[in-house]
Amino acid sequence: MKKILKAPFLVQTVRLLTNMYRLGWDERNGGNLSYILKEDEVKTYLNTKKVLRTIPLNFDASNLAGKYFLVTGTGKYFKNVQYDPETNLGIIRIAQDGNNAELLWGFADGGSFTSELPSHLMSHIERLKIDPKHRVVLHCHPTYTVAMSLVHELTEREFTRSIWKVCTECIVVFPEGIGVLPWMVCGTPEIGRLTADKMKQYRLCLWGAHGIFGTGQSLDEAFGLIETVEKAAQLYMIASSQPLKNLITDEQLKDVAEAFKLNYNKDFIN
Ligand code: 13P
Ligand code: ZN
């Protein structure tokens, strides 16, 4: 059996979470990750017959029965992950009944998976229907994105337009736009269902006055989506203290979409 701490999926996850902490997007225990692992990949490092603990999910995830996930722990700090991955992270398999998670590795202090697991798993279910290569759901509290959610109209159309109009790359990176939910109590199956509903159309979902979810086939893709929104939100928040004179126009957005042959959200352009 190979050493799990050397597994590329674990090394890359630790690097990502450490970087996100340094970016200031994951204060205290803020943020969480779930990453679908392939069975073959897990079997190289773990005896998958050895279940350490069974943890109730309290919602139905039977669509994901038998799937393996690397997940962050609830209450755990991204800043600490690099020093003690086995306490701050866990590898779970969704049990055949769909109502429990089988812990195969990690949460060494008796801890459990993130409180946002309903949003993560329900989002995985929806993204997998659209993209069989989908693997990652990432949540964090990026400073300027959350700041913008406090001062900007919280509709998908208007929020996406403002982001697209400050930074040329945005429409290229997320031509479908950004899903938006108003402030809600987090950590519940209800916010999970609404987030997953947005994931039928978007790879990103903003939670007003809280944070953002990004998804993708890889850690880089999920991170890159959030990073691009955050960069544009930073530009918007800095620039909008002055009259905004040179925003990208709707015609210019269409020109970019044509040049890059984008399947963009036409409802969001005048
Ligand atoms: P967890 O510590 O349970 O992952 O919660 C952090 C968070 O960001 C809640 O939205
Ligand atoms: Zn959060």
Quiz prompt | Derived scalar couplings ³J(HN,Hα) [the range 236-252; Karplus, 6.51 cos²θ - 1.76 cosθ + 1.60; whole Hz; x for Gly, Pro] | solution = 4, 5, 6, 6, 7, 6, 10, x, 7, 9, 10, 5, 5, 7, 4, 4, 5
Quiz item: Roughly what would the spin-label model give for residue 60 and residue 168, points 7 Å off Cα along C-beta, in nm?
Solution: 4.9
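As a test of reading the structure, rank 237, 20 by solvent-accessible area (1.4 Å probe, protein chains only), most first. Walk me through the numbers before you get to the answer.
Values: 237 50, 20 0 Å².
Heavy-atom accessible area, descending, gives 237, 20.
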Quiz item: How much of residue 157 can a 1.4 Å solvent probe reach, expressed as accessible area in Å² and rounded to 10?
Solution: 70
Practice problem: List, in order, the whole-Hz ³J(HN,Hα) value for each residue of the range 213-221 obtained from phi through the Karplus relation with A = 6.51, B = -1.76, C = 1.60 and θ = phi - 60°; use x for Gly and Pro. | Solution: 10, x, 10, x, 6, 9, 4, 4, 5
Exercise. About the Cα centre of the range 109-155, how large is the charge dipole given +1 on each Lys and Arg Cβ and -1 on each Asp and Glu Cβ? Please answer in debye to the nearest 20.
Key: 240
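For the range 145-243, what class follows from the C-alpha gyration tensor (a ≥ b ≥ c being the square roots of its eigenvalues): rounded when a/c is under 1.5, otherwise prolate if a/b is larger than b/c, else oblate?
On the way: a/c = 1.90, a/b = 1.27, b/c = 1.49.
The shape class here is oblate.
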Quiz item: Which one of 230, 258, 86 has the biggest mean-square fluctuation once the chain is modelled by GNM with Cα springs under 10 Å?
Solution: 258
Exercise. Could you tell me whether the range 186-241 comes out rounded, prolate or oblate from its Cα gyration tensor? Rule is a ≥ b ≥ c as square roots of the eigenvalues, rounded for a/c under 1.5, then prolate if a/b exceeds b/c, otherwise oblate.
Key: oblate
Quiz item: Which one of 4, 54, 184 has its Cα pushed farthest toward the positive end of the charge dipole of the chain, where Lys and Arg give +1 and Asp and Glu give -1 at the Cβ?
Solution: 4
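Taking the Cα centre as origin and putting +1 on Lys and Arg beta-carbons and -1 on Asp and Glu beta-carbons, what dipole magnitude results for the chain, to the nearest 20 debye? Kindly include the intermediate steps, with their values, before the conclusion.
Details: 31 positive and 30 negative charges, 153 e Å.
That gives a dipole near 740 debye.
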Quiz prompt | Accessible surface of the chain, 1.4 Å probe, proportion on carbon and sulfur as whole % | solution = 50
Quiz item: Going by alpha carbons, how many degrees (0 to 90, nearest 10) lie between the helix axis of 189-198 and the longest principal axis of the chain?
Solution: 50
Exercise. With a 1.4 Å probe and every protein chain left in place, work out the accessible area per residue of the chain in Å², rounded to a whole number.
Key: 46
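The values are calculated or read from the model by the stated rules, or taken from the named source; none is laboratory data. On a predicted model such as this, the values are computed, not experimentally measured, just so you know. Glycine also receives a Cβ, built like all others from the backbone with ideal geometry; neighbour counts cover every protein chain displayed. These area figures cover heavy atoms from the full protein model, side chains too; ligands, DNA and RNA do not enter into them. Shrake-Rupley method; radii C 1.70, N 1.55, O 1.52, S 1.80 Å.
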